[in-house]
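The values are calculated or read from the model by the stated rules, or taken from the named source; none is laboratory data. It should be emphasised that the depicted structure is a prediction, and the values quoted were computed from it without experimental measurement. Cβ coordinates were reconstructed from backbone atoms using ideal geometry, including for glycine residues, and neighbour counts include every protein chain displayed.
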Amino acid sequence: MELLSGADMLIRSLQDEGIEYIYGYPGGAALHIYDALFRQDKVKHILVRHEQAAVHMADGYARASGKPGTVLVTSGPGATNTITGIATAFMDSIPMVVLCGQVASTLIGEDAFQETDMIGVSRPVVKHNISVRHPSEIPEVIRKAYYIAATGRPGPVVVDIPKDMTTPNERYEYEYPKKVKLRSYNPAIRGHAGQIRKAAEMLLAAKRPIIYAGGGVVLGKASEQLTDLAHMLGHPVTNTLMGIGSFPASDKQSLGWLGMHGSYESNMAMHHSDLILAVGARFDDRVTNATEKFCPGARIIHIDIDPASISKTVEADVPIVGPVDSVLKELIALVKESKAKPDNDALKAWWKQIDEWRAFHGMRYEKSDTYIKPQEVIEALHRLTNGDAYVTTDVGQHQMFTAQYYKFNKPNRWINSGGLGTMGFGLPAAMGVKLSYPDDDVICVTGEGSIQMNIQELSTCKQYNLPVKVVNLNNQALGMVKQWQDMNYESRHSQSYMESLPDFIKLAEAYGHVGIRIDRKEDLEPKLKEAFAMKDKLVFIDIYVDPHEHVYPMQVARGSMKDMWLSKTERV
Amino acid sequence: MRRIISVLLENEPGALSRVVGLFSQRNYNIETLTVAPTEDETLSRLTVTTTGSDRVIEQITKQLNKLIEVVKLVDLTEGSHIERELMLIKLKASGSQRAEIKRTVDIFRGQIVDVTSTVYTVQLAGDSDKLDAFIQAVGTTGVLEVVRSGVSGIARGEKVLSI
């Protein structure tokens, strides 16, 4: 058997795991590993400008590809800088492995230079973390880390590697384990047959049903099954913010997404439904509004791989723990062979009601003669890219507008920080996607607040030639904060205004990219076209949009799902 | 409601801190906590007593089960079970008090395990209520020091928590 140092074993393990790219930043405790990286060419390393961005890159890649991303950083500040990225991935159940250098095991606990207890610091925001205690363990630890990250409910796994575990002259036998067995970790492989049967019966008997599909459908690669089941049953489908794309937005059964800024018809349909089929969703507070007023007439079937997500905030009547794809497949088979048929008269009446809601207030906004509306920018992007681009966002109004007006028909293309709400996510996430999908359009829709939280990565884009399109919806304010201040604090704009914005065009140019400013309505479409025609260039498109615009619909705080503001003046 | 949750945990560094961390992260209560290796040295057995509504307790057991190092767990309060806590208590004991304390210790089936001319150290095992009752019986003014182990528990009859 081959003898390798810990550092070489680590890199070989990544090769054997099939890892193509890792994103990271070197430093003292990781130098043996970086040397091992230098002496091979299978695993390629992307040098970011800040460790947080490395994690978001890995995250963007994972969301687009469905495979775990990989990060490599040094100890201390290198490790702590990854925490926001790790927490972002944790909240959205994104598979990833974060490899952190650590001071030598003999120095741990002595407040050594660049020492941080990364196992302790990361514990609340990881699915699991592992400290390497002997170099010979490395192949097994790495195999285990990827296995845990990618199976069950996915999530980030941190591996802490003390420097003396990677010493070059200490060699051990290398063999990459084929299988992992953990007696204490056995994710469900199928749902309970009796519960699935009960669910099928309820679905066929429902009069006002709705399918509520979350990020679990995207992560569980079950869009096809979800779409098939919905078509067989003829039920309306709403998505969570994380579930966007899991059911085609252009399908006539799609009601759009639901919750705080979801569509009027989806919130109304949820509230008045008699049966909710929740698939890979977690009844988040941004969906349910006040849980005690949540959907009073609805019984709930809840399918999720994570039993802890079921009956956490809202009690489920029929809990089903299992992988969404296999449970949906079984449901499809049961519905197919069942003698009972959907109650077509009831469904017809239900759809009539839904169509009335749609007619009353579909997704819409007021046009303006003077201002470019942020919504029309997103509609233009959708037209220009045929709805086929990978779109990442940061966090705020621009994120909501993008989710509302870019109609995603495919999963894995809508990439945002839904759970943690991390500003600074969009650009590095887009870079992670572009690197692995060089032929696709990759857009980062952002705002002048968010983009400045990781703008240094424009430099990384230059180094690795990552021609993403950055669409900056510039309203010269922290729009969502300002909106809340307008609505709840009598327009006292405390710290939500940015007085000295940089010249983004010059900034983009300084980093070696192209900058385009759009501040007149008539320039919007032609200049966007011009930007998208530059396939091999990163174009930073700085668009001056209506600074007074709010995101609507917006649920009324502490109300039920149906209590919404539809504009600045209309409340239902 | 008070619950006793018994957990089999991988006997590895850091595993205990995950359990304790989970309780504080998710705003759950820990009233008592005991932990020690089992006859199988790769496993620790941990007993935690906590309070909460049924929904909170359900979340606690589900969240504990999600920890990779938790091998198995049981809520002992769901069935009949035995619980014991050990107390060592140092009492002022001089003159006529000595006989009275000795009698009380006997009634509670405790043992005096250390004696000086002015102090008795008493060892007492039982459920938590019994230990509370003993402290009440001897009167708090005579109590110099108390140390309690926290609750350990086991199910009655054939039921076992093992892998």
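Out of all the residues in the stretch B:105-135, which are surrounded by 16 or more Cβ atoms within 10 Å (Cβ to Cβ) and not hydrophobic (A, V, I, L, M, F, W, C)?
Matches in the stretch B:105-135: B:G110, B:Y120, B:T121, B:G126, B:S128, B:K130.
Being surrounded by 15 or more Cβ atoms within 10 Å (Cβ to Cβ) and either in contact with a Gly (Cβ under 9 Å, 6 or more places away or on another chain) or charged (D, E, K, R) (or both) is the filter here, so list the residues in the stretch B:13-28 that pass it.
B:G14, B:R18, B:G21, B:Y28
List the helices (runs of 4 or more DSSP H) inside the stretch A:109-219, counting only whole elements, that have at least 1 residues being within 12 Å of chain B (Cβ to nearest Cβ), closer than 30 Å to A:K410 by Cβ and among the small types (G, A, S). Full working, then the answer.
Details: elements: A:118-122, A:138-150, A:193-205, A:215-219.
Ranges flagged: A:138-150.
If I ask for residues that are more than 14 Å from chain A (Cβ to nearest Cβ) and more than 29 Å from B:D129 (Cα to Cα), which ones from the stretch B:40-68 would you list?
Passing the criteria: only B:E41.
Looking at the stretch A:289-330 only, could you name the residues that are hydrophobic (A, V, I, L, M, F, W, C), part of a loop (DSSP other than H, G, I, E, B), within 14 Å of chain B (Cβ to nearest Cβ) and crowded, with 20+ Cβ neighbours inside 10 Å? Talk me through it step by step, then tell me what you get.
Taking the stretch A:289-330 and keeping what is hydrophobic (A, V, I, L, M, F, W, C), we get A:290, A:294-295, A:298, A:300-301, A:303, A:305, A:308, A:310, A:314, A:316, A:318, A:320-321, A:324, A:327-328.
Next cut, part of a loop (DSSP other than H, G, I, E, B) only: A:290, A:294-295, A:298, A:305, A:310, A:314, A:316.
Then keep just the ones that are within 14 Å of chain B (Cβ to nearest Cβ); that gives A:305, A:310, A:314, A:316.
Matches in the stretch A:289-330: A:I305, A:I310.
Could you check the stretch A:377-474 for helices (runs of 4 or more DSSP H) lying wholly inside it with 3 or more residues that are at pLDDT 95 or above and of a type in the set (G, A, S)?
Working: elements: A:397-405, A:426-436, A:458-464.
Of the helices (runs of 4 or more DSSP H) lying wholly inside the stretch A:377-474, those with at least 3 residues that are at pLDDT 95 or above and of a type in the set (G, A, S) span A:426-436.
Could you list, in sequence order, all residues of the stretch B:1-35 that are farther than 15 Å from B:V71 by Cα and either more than 14 Å from chain A (Cβ to nearest Cβ) or aromatic (F, W, Y) (or both)?
B:M1, B:R2, B:R3, B:I4, B:F23, B:Y28, B:N29, B:I30, B:E31, B:T32, B:L33, B:T34
If you take just the strands (runs of 3 or more DSSP E) that sit entirely in the stretch A:13-89, which of them hold at least 2 residues that are in contact (Cβ under 8 Å) with a residue 60 or more places away in the chain and of a type in the set (F, W, Y)?
Working: elements: A:21-24, A:44-47, A:69-73.
Strands (runs of 3 or more DSSP E) meeting the threshold: A:21-24.
Out of contact with any helix residue (DSSP H, G or I) (no Cβ under 6 Å at 6 or more places or on another chain), of a type outside the set (D, E, K, R) and in a helix (DSSP H, G or I) - does that describe any residue in the stretch B:143-163?
For the stretch B:143-163, residues out of contact with any helix residue (DSSP H, G or I) (no Cβ under 6 Å at 6 or more places or on another chain), of a type outside the set (D, E, K, R) and in a helix (DSSP H, G or I): absent.
Across the stretch A:533-545, what is the number of residues that are surrounded by fewer than 19 Cβ atoms within 10 Å (Cβ to Cβ) and in a loop (DSSP other than H, G, I, E, B)? Even if it seems obvious, please write down each step before you answer.
Taking the stretch A:533-545 and keeping what is surrounded by fewer than 19 Cβ atoms within 10 Å (Cβ to Cβ), we get A:533-537, A:544.
From what's left, in a loop (DSSP other than H, G, I, E, B): A:534-537.
So the count comes out to 4.
So, in the stretch A:250-283, how many residues would count as being touching a Gly at 6+ places or on another chain (Cβ under 8 Å) and either outside the structural domain of A:G220 (by TED's automatic domain parsing) or crowded, with 20+ Cβ neighbours inside 10 Å (or both)? Can you show your working first?
Let us first name the residues in the stretch A:250-283 that are touching a Gly at 6+ places or on another chain (Cβ under 8 Å), namely A:250, A:253, A:256-257, A:262-267, A:272-274, A:278-282.
Checking which are either outside the structural domain of A:G220 (by TED's automatic domain parsing) or crowded, with 20+ Cβ neighbours inside 10 Å (or both) leaves us with A:256-257, A:262-267, A:273, A:278-282.
Qualifying residue count, the stretch A:250-283: 14.
In the stretch A:172-187, what residues are surrounded by 18 or more Cβ atoms within 10 Å (Cβ to Cβ) and either among the aliphatic types (A, V, I, L, M) or within 31 Å of the chain's Cα centre (by Cα) (or both)?
A:Y185
Filtering the stretch B:69-83 down to residues that are buried (at least 16 other Cβ atoms within 10 Å of the Cβ) and more than 9 Å from chain A (Cβ to nearest Cβ), which residue is farthest from B:R2 (Cα to Cα)?
Result: B:L73.
Step by step: first the residues of the stretch B:1-56, then only those that are outside any strand (DSSP E or B), in contact with a helix residue (DSSP H, G or I) (Cβ under 9 Å, 6 or more places away or on another chain) and of a type in the set (A, V, I, L, M), then the one that is farthest from B:R148 (Cα to Cα). Which residue is that?
Ranking the qualifying residues of the stretch B:1-56, first place goes to B:L22.
Residues are listed down the side, and each one gets a yes or a no for (1) surrounded by 19 or more Cβ atoms within 10 Å (Cβ to Cβ); (2) over 30 Å from A:I244 (Cβ atoms); (3) at pLDDT below 95:
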residue: A:I33; (1), (2), (3): yes, yes, no
residue: A:A36; (1), (2), (3): yes, yes, no
residue: A:D41; (1), (2), (3): no, yes, no
residue: A:I46; (1), (2), (3): yes, no, no
residue: A:A89; (1), (2), (3): yes, no, no
residue: A:L107; (1), (2), (3): no, yes, no
residue: A:I119; (1), (2), (3): yes, yes, no
residue: A:V125; (1), (2), (3): yes, no, no
residue: A:V132; (1), (2), (3): yes, yes, no
